[in-house]
Amino acid sequence: MLSNQNSYRKLLQITNICDFELTKLFFAVPCMKEKYKLFNDVVLIDATYKTNKYQIPLLVFSGITAEGRNTIFGLALINDETAQTYIWALQMFLDCHDGIKPLFQKLKSLILSAYRI
C-alpha cells in the first residue's frame, strides 16, 4: 500500500456533466513516474484499437528498462483518435511526468539543428 495516495495522478475530461460521459482519462501511478525518471530515453505510444468492453482505444506509454524489460509509464483511455486528442494525451503525459521530455525528443532537436548548419 502506498503511503501517499495523493501522489496518484488522474486526469479526466468529461464532456456531459449530467450524464457523466467520460471522454478522456489519463492515469499514471507513482511507480510509473519513478520508472520514467530512470528510463526516459525513448517512449513508445501504442493504441489498442477498441478491443475492450466499451470499444474505446487505450493508449499505452511504455519504454524499456536497463534489463531489457518492458515498463509502462502511463495509460490513457480516449474517445476518438483525432490529432487534438493525441495532443491532449501527450500533454497529460508530460504534465504527469513533470515536463520531462523523452531523451529522444531532446536529441531530435539537436540532430535537426546540426543538419541545418
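Going by the conditions given, is K108 at pLDDT below 90, of a type outside the set (S, T, Y) and outside any helix (DSSP H, G or I)? Judged against the criteria, K108 is not a match.
Among the residues making up the stretch 53-88, those that are farther than 18 Å from P102 by Cα and either surrounded by 11 or more Cβ atoms within 10 Å (Cβ to Cβ) or among the hydroxyl-bearing types (S, T, Y) (or both) are Y54, I56, P57, L58, L77, I78, N79, D80, E81, T82, T85.
The values are calculated or read from the model by the stated rules, or taken from the named source; none is laboratory data. Note that this is a predicted model, so its numbers are computed, not measured. Don't worry about glycine lacking a Cβ; one is built from the backbone with ideal geometry, like all the others, and counts go over all protein chains shown.
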